[in-house]
Amino acid sequence: MDSDLSEVKKFRSIFISDVHLGTRDCQAESLLDFLKKHESEQLFLVGDIIDGWSLKRKMYWPQSHSDVIQKVLRKARKNTQVFYVIGNHDEFIRKFIPLSLGENMHLINEYEYISLAGETMGVVHGDSFDSITMNQKWLAVLGDFIYQWLLRINRPLNRLRRSIGYKRHWSLSKYLKNKVKQSVQFIDNYEKILSDYARQQGLDGIISGHIHHAEIRDIDGVRYMNCGDWVESCTALVETLEGEWHLIEWNL
């Protein structure tokens with residue numbers, strides 16, 4: 001979808017995850033543009049919005065990252081219900097939850113969302129279903145270091161692409177994830193584990209983030225949906241005012 005539309009689009013709910021504010025590869029400008037042009041009754045921040053892991057290694061916080069936070073707070077002041085579901089990279093906030101900041105801003109671990117059609121969807125970041133994140137944190141941190149290294153390599157590649165006329169952002173790490181068999185298997189396993197959990201809890205579906213892989217699909221009768229991210233893909237999950245579910249890709 002092009003981001004030059006002047007008309008503001010309205011939705012029942014918008015779900016975004018894995019923004020990773022505080023990192024150089026966060027696509028904050030694209031997210032800010034998206035938030036300006038899309039309104040919703042409810043806004044769900046599905047974890048890893050602020051990257052505490054990266055900020056602990058090295059402080060990086062440009063004005064565009066503050067602008068995203070300010071835009072979200074402005075939406076809350078204008079009566080959008082904002083739910084911030086904590087993830088692993090922003091786990092430093094967990095000790096404060098559950099916490100409400102005014103009437104419209106809520107910090108939580110998980111949420112049960114009722115769709116317009118009456119379906120009950122669990123909303124979680126998803127890190128607690130990742131055995132590496134939960135049981136081998138050192139390996140998760142190493143994986144994050146490698147991921148950041150791939151993103152750094154990606155910057156000059158995208159500059160080169162733009163210089164020869166390719167305007168669309170391209171992600172090396174996403175390309176490799178989609179090609180490496182073990183990575184594809186990890187994504188499949190993750191999606192199945194979450195759908196199994198939803199079924200066990202009597203839920204109709206589950207909404208998550210964490211793996212930076214946007215998806216809407218049915219898994220054995222359970223609706224699995226993933227918001228994607230704002231580092232590689234710039235995607236958001238939305239429920240329309242008519243109750244339809246869509247993924248929106250938004251690149252400046």
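Note on GLU249 and ARG217: the model spin-label points, each 7 Å out from Cα along the C-beta direction, lie 1.6 nm apart. Please report the spacing between the Cα centers of segment 203-252 and segment 112-127 in Å, no decimals. Segment 203-252 and segment 112-127 have Cα centres spaced 12 Å from each other. Count Lys and Arg as plus one, Asp and Glu as minus one, and take only other residues whose Cβ is under 15 Å from that of LEU107; the net charge is then -3.
Applying 1/(1 + (r/R0)^6) with R0 = 25 Å to the Cβ-Cβ distance of ARG199 and ILE93 gives a FRET efficiency near 0.30. Among 55-62, 204-211, 238-245, 121-128, sorting by the average number of other beta carbon atoms lying within 10 angstrom of each residue, highest first, gives 204-211, 121-128, 238-245, 55-62. Ranking PHE92, TYR60, SER30 by Cα position along the charge dipole of segment 1-101, where only Lys, Arg, Asp and Glu carry charges on their C-beta atoms, puts PHE92 farthest toward the positive end. On the beta carbon distance between LEU241 and THR120, with R0 = 25 Å, the FRET formula returns roughly 0.80. Summing charges over neighbours of LYS78, with a neighbour being any other residue whose Cβ is under 14 Å away from its Cβ, gives +3 when K and R count +1 and D and E count -1.
Values quoted throughout were computed directly from the atomic coordinates according to the rules given, and no laboratory measurement underlies them. What you see is a predicted model, and the numbers here were worked out from it, not measured in a lab. Heads up, the Cβs are rebuilt from the backbone with ideal geometry, glycines too, and the neighbour counts pull from every protein chain shown.
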